[in-house]
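Below is one structure, written out as structure tokens, with a few remarks after it.
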Amino acid sequence: MNRWPNHRSRTPNMQSIQCTGFTAAGVAAGLKKNGSKDLGLIYSTVPASAAGVFTRNRVQAAPVILDRQRLRAGTAQAIIVNSGNANCCTGPQGFDAAESMAKFTATGLRIPEAHVLVSSTGVIGQPLPIERVEAAVPGLIHSLHPDGFDDFSTAIMTTDTVPKIAARQAALEGGRFSIIGVAKGAGMICPDMATMLCFLCTDAQVDPYLLKDSLSIAVSRSFNRITIDGDTSTNDTVLILANGLSGISIRTDEYRLVFQNLLDGILVELAKKIIKDAEGATKLVEIIVRGAPTPDSAVRVARTVANSNLVKTAFFGEDANWGRILAAAGRAGVSIDPNRVDVFFDKERMVRGGIGCGVEAESRATEVLKQPEFSVTIDLNLGTASHTVYTCDFSIDYVKINADYRS
């Protein structure tokens, strides 16, 4: 259980989400074939501390490369994001387009170009029609509003069916601070740092180095614990801006704990929303590995089971096929003793010491699998290390969505 020293926290109503000094907007620039919103902007009225975490995929989109460079200074004031086009594998032209997006935004906002971060999501390998972005930026800037995060969240969606927003506040001595987070992602999700895209704003004052450290910790506890299909994106990006306009400075260990807990909570909430909105998914499944000899072995077993196509299709079919779970654990590349493994579906024990618990246990487990959310616990009984990964089932609709994604 998280402990929150000397403060109160709350999750505001979505209609009242605001973060002092931040505005956002989303408009249609003509990048998507269906004409829906596809260009978003977040803006801080003052320069903010900035940090980011990015994909470890060796193939990286132009905006990822640009943002890595700009974040070395630890300061930013705006984030412009397009959907409908990943601007990845587009060569020098793609990098020029990413820089142009930042330039158009900086000119319109009258801020330094180096203070603008860029992100893109969509189809890989197609040139970004930068002229459409240029034409839309003035209207995008004109639409900026403290309540504009709903429009922003819609503008960054691709195969998402719902926008993903989370906001929380904490009251400390001398005032309160807020954090708002917006994420997108429904497919190509097996983060090796972050998720498809996530953008965070806080009106707390946070040193850039502390901000980066806090973000990395929060990502490791959230986005790095989800998987939909085992694919790590070329565009994975998590960015956070902290403008300090609340007057609350995150300096003491006590305040750092409060800030970390608030950030962790938002990212876990967004991570679960991504899994719930996974392409074609019908179930959110928590894979828990415990009793592992080392933390690394716990991670490897949890991820292998969570990414197993056979396990995920069994979840979709509501088939308590525990043999697939043991088989996945056994190929995780770590030392396990199959004669010591226990498996539970929620609290129903399916396997004891590597042997099934019988027809009645399987019948009870099948009822668990009919729920929209449940857990699978794999106890290796070899140590004290544990790890949790959130995954989903694999349905026929996932294949349909991705078979004609570019159409």
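Derivation of every value follows stated rules applied to the coordinates shown; laboratory data play no part. Just so you know, these numbers come straight off a predicted model, no measurement behind them. Cβ: placed from backbone, ideal geometry, glycine included. Neighbour counts: every protein chain shown.
Once all Cα-Cα distances of segment 284-403 are split into 10 Å bins that start at 0, what whole-number percent is in each one?
Cα pair-distance distribution for segment 284-403, in percent: 15, 49, 29, 7, 0.
PRE reach from ALA114 (point 7 Å along Cα→Cβ): which of segment 27-46 fall under 18 Å by backbone N?
The answer is 46.
Per the Debye formula with a single identical scatterer at each Cα and no solvent contribution, what log10 I(q)/I(0) holds for the chain at q = 0.09, 0.10, 0.11 Å⁻¹?
Log10 of I(q)/I(0), two decimals: -0.56, -0.68, -0.81.
How much FRET efficiency would the formula 1/(1 + (r/R0)^6) give for GLU360 and ARG331, where r is the Cβ-Cβ distance and R0 is 30 Å, rounded to 0.05?
0.55
Please get the size of the charge dipole for segment 238-327, origin at its Cα centre, with Cβ charges of +1 on Lys and Arg and -1 on Asp and Glu, quoted in debye to the nearest 20.
For this selection, approximately 140 debye.
Once fully extended, how much extra length lies between ASP397 and LEU310, figured as 0.36 nm per residue of separation less the alpha-carbon to alpha-carbon distance?
My answer for the length gained is 29.7 nm.
Which ³J(HN,Hα) values, rounded to whole Hz and listed in residue order, are derived for segment 327-335 from phi using the Karplus coefficients 6.51, -1.76 and 1.60 in 6.51 cos²θ - 1.76 cosθ + 1.60 with θ = phi - 60°, glycine and proline given as x?
5, 5, 4, x, 9, 6, x, 10, 7
How much length, in nm to one decimal, is gained on full extension between ASN381 and ASP319, taken as 0.36 nm per residue of separation minus their Cα-Cα distance?
19.8 nm
Once every DSSP H run of n ≥ 4 in the chain is given -39500 (n - 2.57) and the sum is divided by its residues, what mean residue ellipticity at 222 nm do you get, rounded to the nearest 500 deg cm²/dmol?
-10500 deg cm²/dmol
From the backbone phi of segment 241-251, what are the Karplus-calculated ³J(HN,Hα) couplings (6.51 cos²θ - 1.76 cosθ + 1.60, θ = phi - 60°) in whole Hz, Gly and Pro given as x?
10, 10, 9, x, 6, 6, x, 8, 9, 8, 10
Can you tell me which aspartates and glutamates have their Cα less than 17 Å from the Cα of LYS283? Leave out same-chain residues fewer than eight positions away.
Here the aspartates and glutamates satisfying the reach criterion relative to LYS283 are ASP160, ASP229, GLU269, GLU318, ASP319, ASP346, GLU367, GLU373, ASP393, ASP397.
Mind jotting down the distance between the C-alpha centroids of segment 105-134 and segment 197-214, whole Å?
One Cα centre to the other: 22 Å.
What residues from segment 273-311 fall in the zone where the backbone N is under 15 Å from a label point 7 Å along the Cα-to-C-beta line of GLU367?
Counting only backbone N, you get no residues.
With a sphere of radius 15 Å drawn around the Cβ of ARG70, what net charge do the other residues whose Cβ falls strictly inside it have (Lys, Arg +1; Asp, Glu -1)?
Net charge around ARG70: +1.
Can you grab the distance from the C-alpha centre of segment 57-80 to the C-alpha centre of segment 307-345, Å, no decimals?
Segment 57-80 and segment 307-345 have Cα centres separated by 39 Å.
In terms of Cα to Cα distance under 12 Å, which aspartates and glutamates are near enough to LYS400, apart from those fewer than 8 places away along the same chain?
Answer for LYS400, where 12 Å is the Cα cut-off: GLU279, listed by chain and number.
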